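Enquirer: Before I ask anything, let me first share the structure, which is written out below as structure tokens.
The values are calculated or read from the model by the stated rules, or taken from the named source; none is laboratory data. Model, not experiment: these values are computed from the prediction. So basically every Cβ, Gly included, is an ideal-geometry build from the backbone, and we count neighbours across all protein chains shown. For accessibility, only protein heavy atoms count, side chains too; no ligands or nucleic acids. Shrake-Rupley method; radii C 1.70, N 1.55, O 1.52, S 1.80 Å.
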Amino acid sequence: MKLFCLFPLIVFSTFVKSNAQQDSVAIPDPDEFKWHSHIYIGAPFVNFNITHYPHLRQAFKSQGVGYSAVQFNTIASYGGALQGGRYKFGVEAIYGLPGSDTKKQTKVTGSYIAYLLNAGYAVFFERNRQYFINIGVGRVESTASVYTTDASQTLAFNNLLSTPIVGQSPALVHKNTFFELSLERTIRPSRPVSLNSVFRIGYRLGINTVPWKTDNNILLSNAPVDRIHQVFIQSIFVISKSHKRKSKV
């Protein structure tokens, strides 16, 4: 997990060093650039979301399992985009690090991974600031597991597949296609290679309702049916490579 989070920072450091000399030569006027390519890096613990699965919560509640109305995850995100003028098109991968919700004698852990395509339009396009409205569509896979915290069980390793485990559920899985809407604020790139900050706030809503399943061959009956409701806040970095217009002969 640590390697997963540190790898993009290593890439970022190498990328910036390799372009430092070129970047320090001159700072062209922004109008000289025809288009930009962006790499987005969102580190954990400064990016987070809250997720709401109402029917899973109700199903847990009916069994005496404490489960909050909203679940909190800190997230890591990586993406890329191409921008021409006010228009931007990109891809993004998001990983919600495992979070836990402990109440009464139970503990619920959950995480998710999502991928999406998005498009943005700069509603404000000033020299030093850009505000984008982004829309996107993606796919998310959420997991949740619940187990008791007030009892333990000794299990022989050689009997893992033949001994029932009391007080612990199989991992629950929910796969949902979603729409995304977000507002993004960033700095307009003014150098051949630049590093800027990005602030983004948005909302994801599942397109349809789907039942919860397990991550193995256990079939669930009467499983709750949900769609994802998620609010996210991201404070991330963007490395931008600006491509100049071809000079007229």
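Enquirer: How many of the residues making up the range 211-236 are in a strand (DSSP E or B), surrounded by 17 or more Cβ atoms within 10 Å (Cβ to Cβ) and within 17 Å of the chain's Cα centre (by Cα)?
Expert: 4
Enquirer: Further, regarding this structure: Just wondering, is there one or more residues in the range 50-58 that are of a type outside the set (Gly, Ala, Ser) and more than 23 Å from Val210 (Cα to Cα)?
Expert: So far as the range 50-58 goes, no, none of its residues is of a type outside the set (Gly, Ala, Ser) and more than 23 Å from Val210 (Cα to Cα).
Enquirer: Can Lys107 be described as among the basic types (Lys, Arg) and surrounded by 14 or more Cβ atoms within 10 Å (Cβ to Cβ)?
Expert: Spelling it out, Lys107 is indeed among the basic types (Lys, Arg) and surrounded by 14 or more Cβ atoms within 10 Å (Cβ to Cβ).
Enquirer: Can you give me the number of residues within the range 156-170 that are open to solvent by 80 Å² or more (accessible area, probe 1.4 Å) and not in a loop (DSSP other than H, G, I, E, B)?
Expert: 3
Enquirer: Scanning for something open to solvent by 90 Å² or more (accessible area, probe 1.4 Å), in a strand (DSSP E or B), free of Cβ contacts under 8 Å to residues at least 40 places away in the same chain and of a type outside the set (Lys, Arg), does the range 195-210 turn up at least one residue?
Expert: Yes, there is a match, as at least one residue in the range 195-210 is open to solvent by 90 Å² or more (accessible area, probe 1.4 Å), in a strand (DSSP E or B), free of Cβ contacts under 8 Å to residues at least 40 places away in the same chain and of a type outside the set (Lys, Arg).
Enquirer: Here's something else I'd like to know. Just a yes or no: is a residue in the range 78-96 open to solvent by 30 Å² or more (accessible area, probe 1.4 Å), over 30 Å from Ile165 (Cα atoms), without any contact (Cβ under 8 Å) to a residue 60 or more places away in the chain and charged (D, E, K, R)?
Expert: Looking for residues that are open to solvent by 30 Å² or more (accessible area, probe 1.4 Å), over 30 Å from Ile165 (Cα atoms), without any contact (Cβ under 8 Å) to a residue 60 or more places away in the chain and charged (D, E, K, R), one finds at least one in the range 78-96, hence yes.
Enquirer: Residue pairs, Cβ under 6 Å, 6 or more apart or interchain, first in the range 59-77 and closer than 21 Å to Ser169 by Cβ, second in a loop (DSSP other than H, G, I, E, B) and open to solvent by less than 40 Å² (accessible area, probe 1.4 Å). List them.
Expert: Going by the 6 Å Cβ cut-off, the qualifying pairs are Ala59/Pro224; Phe60/Tyr67.
Enquirer: Got at least one residue in the range 171-187 being open to solvent by less than 60 Å² (accessible area, probe 1.4 Å), part of a strand (DSSP E or B), under 18 Å from Asn118 (Cα atoms) and aromatic (Phe, Trp, Tyr)?
Expert: yes
Enquirer: Out of the residues in the range 63-96 that are of a type in the set (Ser, Thr, Tyr) and modelled with pLDDT of 90 or more, state the one that is farthest from Phe237 (Cα to Cα).
Expert: Tyr87
Enquirer: I would also like to ask the following. Would you point out the residue of the range 110-155, among those that are within 17 Å of Leu205 (Cβ to Cβ) and open to solvent by 60 Å² or more (accessible area, probe 1.4 Å), that is nearest to the chain's Cα centre (by Cα)?
Expert: Once the filter is applied, the top-ranked residue is Tyr115.
Enquirer: Can you name every residue in the range 30-58 that is among the hydrophobic types (A, V, I, L, M, F, W, C), open to solvent by less than 30 Å² (accessible area, probe 1.4 Å) and either modelled with pLDDT of 95 or more or under 21 Å from Thr149 (Cβ atoms) (or both)?
Expert: Of everything in the range 30-58, those that are among the hydrophobic types (A, V, I, L, M, F, W, C), open to solvent by less than 30 Å² (accessible area, probe 1.4 Å) and either modelled with pLDDT of 95 or more or under 21 Å from Thr149 (Cβ atoms) (or both) turn out to be Ile41, Leu56.
Enquirer: I've got another one for you. Using beta carbons and a limit of 7 Å, which pairs, at least six apart or on different chains, have the first residue in the range 124-149 and within 15 Å of Gly85 (Cβ to Cβ) and the second one polar (S, T, N, Q) and assigned to a strand (DSSP E or B)?
Expert: Pairs that qualify, where the first residue is within 15 Å of Gly85 (Cβ to Cβ) and the partner is polar (S, T, N, Q) and assigned to a strand (DSSP E or B), are Phe124/Gln130; Gln130/Thr186.
Enquirer: Then there's this: Select from the range 209-249 the residues that are of a type in the set (A, V, I, L, M, F, W, C), touching a strand residue (DSSP E or B) at 6+ places or on another chain (Cβ under 7 Å) and at pLDDT below 90 and list them in ascending order.
Expert: Once the filter is applied, which keeps residues that are of a type in the set (A, V, I, L, M, F, W, C), touching a strand residue (DSSP E or B) at 6+ places or on another chain (Cβ under 7 Å) and at pLDDT below 90, the range 209-249 yields only Leu220.
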